[in-house]
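Undergrad: The structure that follows is given in the form of structure tokens.
The values are calculated or read from the model by the stated rules, or taken from the named source; none is laboratory data. Predicted model, so just to flag it, every value in this text is computed and none were measured. So basically every Cβ, Gly included, is an ideal-geometry build from the backbone, and we count neighbours across all protein chains shown.
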Amino acid sequence: MLALLVPGVAQAQYQGTERPQGDTTLVLTLDDAIKIALSENASVKVADLEVKRTKYARRGSYGQLFPQINATGMYNYAIKKQKVYFGSDAEDSGSSSSGGGMAGMMSGLMEPIMYYIQQLYDATNTPFVPYVAPPKDETSGDGAVEMGRTNQVTLGLSANMPVINLQLWESLRITGEQVELAVEKARDSRLGTVSSVKQAYFAVLMAKASYEVYNAVYENAVQNYKFTESRYNVQKASEMDMARAKSSLAAAIPNLYNAENAIYLGLWQLKAVMGLELDRAVDVAGKLSDYAEHMFYDYHEGVESTVSLDRNSQLRQLATQAETLAKQIRMQQFAYVPTLSMQLSYNYYTQSDKFNLSQWKWLPSSTLVFSLNIPIFSGGQRYHAIKQTRVQADELAIQRANTERQLRIGIRQSLSNMETAMRTYDAARSAVESAEKAYSIASKSYQLGKSTLTDLNNTELTLTQTRMQAAQAIYNFAIAKAGLEQTLGYDFTEEK
């Protein structure tokens, strides 16, 4: 079984950056991975489109300051024309003029005018012919007169624009705050993407470091198995030693496969975060140990209280929302202020009983209207709307204070994790040197027959644990540092 299994494991070993000529695998550095993610990540693209959308919305809102010009056209066909009555109800019923009602009042008003006209005619020696009302419409039989024509057409232009509207002007300022909020959300999306890429990238490096450790364990197990087998064949090793060598080799194989699978899963996660196709062959450059030199810095107690959160994206968004609410309160207060608007209209109007366009006569008309709206009473709607917005502002202030408190806690945790990782790595580095030396001595002693395979396996176990502790310390430091940079708002595209 071991004879078949050992070549299979050796063939399945991860090749790392050593690839055959003509291989199209894309080998990425950390900076390359971040740059690709900032241009291909779906959340970043959506955030940038949201910024573009809000900018268009802001430009469109400014159109409310300009005249709104509309063209209108209307055609009416009178199926039955409207009728109008002249004279009093008594006249309509056929009785004599009683001098009452509307007719009596009009007769009293017109009598001095008719007398003056009679005097003018007498002076010119021209006989005065009194006005005789036309006969009643025989078709109606009730004295009503039809009004209008059968065909009516109206064409016109109208323009409306606000002259004084403080509430509208303040709402335009709010759209500017919405654009700033969208920009900050896009920046927050980029910060999150950069942090996710770093975590996925270091996860792959950690998986590679684990693979190297377990691969070294596997190679040592193979060498010990071959050496023990050769001694067993010449009857210099016991059957117990042979069984232990087989079990050590068999135990090393699953760890090697798990580490290799972790590399592939980490690369898939990295490609997903970057926005690349999952079938694209990629790999990461370098080793986790290359980042060990960036681990050390001067740490002192209370440093978290001196760290500035001015660049933190969450606090910036909350500040923008607070400014928006303040402007919204002012906009609602301006609802008590009168507004003045202007309307200009120009129309052409024609009527005809016959549908003959060439004989229609068009009559123009135009109007200019200034409309003043003075708010007096609205049932308390404006008052309670202001109160509601002020409550939202108070809620936002509490939320901002709590968010800042949580961010301070997060900064302290990140710095503490980085400090712990530094100390762990410093201790593990010394332990690795001692464990390598101990394993070398134990290996030579076992080959000389002065120690047992159990002693050699114990020293190898210690060496494996110290190597994993050193790699884990570097990984923990890198992850904590990435989280700290995201909290402090360090953007990869900006100068730090």
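Undergrad: Which number in (1) exposed (fewer than 11 other Cβ atoms within 10 Å of the Cβ); (2) within 26 Å of Leu325 (Cα to Cα); (3) among the aromatic types (Phe, Trp, Tyr) marks the one condition that Phe370 misses?
TA: (2)
Undergrad: I would also like to ask the following. Answer yes or no as to whether Phe377 is of a type in the set (A, V, I, L, M, F, W, C) and surrounded by 16 or more Cβ atoms within 10 Å (Cβ to Cβ).
TA: no
Undergrad: If you don't mind, another one. Could you tell me which of the residues Asn373, Asn356, Asn347, Asn312 is at pLDDT below 95 and touching a helix residue (DSSP H, G or I) at 6+ places or on another chain (Cβ under 8 Å)?
TA: Asn312
Undergrad: Restricting the first residue to segment 251-262 and requiring it to be outside the structural domain of Ala203 (by TED's automatic domain parsing), which pairs with a second residue that is modelled with pLDDT of 90 or more and buried (at least 17 other Cβ atoms within 10 Å of the Cβ) meet a Cβ separation below 9 Å and a spacing of at least six or different chains?
TA: Taking only residues 6 or more apart or on different chains, not a single pair turns up.
Undergrad: Which one of the conditions (1) over 42 Å from the mean Cα position of the chain (by Cα); (2) assigned by TED's automatic domain parsing to the domain that holds Arg467 does Phe355 fail to meet, given that it meets all the rest?
TA: Every listed condition holds for Phe355 apart from (2).
Undergrad: Can you name every residue in segment 436-469 that is touching a residue at least 60 places away in the same chain (Cβ under 8 Å), under 24 Å from Thr424 (Cβ atoms) and not hydroxyl-bearing (Ser, Thr, Tyr)?
TA: Passing the criteria: Glu460, Arg467, Met468.
Undergrad: So is Met422 assigned to a helix (DSSP H, G or I) and within 51 Å of the chain's Cα centre (by Cα) or not? Walk me through how you get there before you give the answer.
TA: Details: assigned to a helix (DSSP H, G or I): yes; within 51 Å of the chain's Cα centre (by Cα): yes.
Judged against the criteria, Met422 is a match.
Undergrad: On the given criteria, is Ala427 touching a helix residue (DSSP H, G or I) at 6+ places or on another chain (Cβ under 9 Å) and buried (at least 19 other Cβ atoms within 10 Å of the Cβ)?
TA: no
Undergrad: Ok, one more. Sort out which residues of segment 438-491 are hydrophobic (A, V, I, L, M, F, W, C) and farther than 25 Å from Ile409 by Cβ, and write them in order of number.
TA: The answer is Ala438, Ile441, Ala442, Leu448, Leu453, Leu456, Leu461, Leu463, Met468, Ala470, Ala471.
Undergrad: Six or more apart or on different chains, Cβ atoms under 9 Å: show the pairs whose first residue is in segment 218-233 and polar (S, T, N, Q) and whose second is outside any helix (DSSP H, G or I).
TA: Short answer, once both residue conditions are applied: Thr228/Ala237; Ser230/Lys236; Ser230/Ala237.
Undergrad: Right, next: Out of (1) in a helix (DSSP H, G or I); (2) under 50 Å from the mean Cα position of the chain (by Cα), the odd one out for Asp241 is which?
TA: (2)
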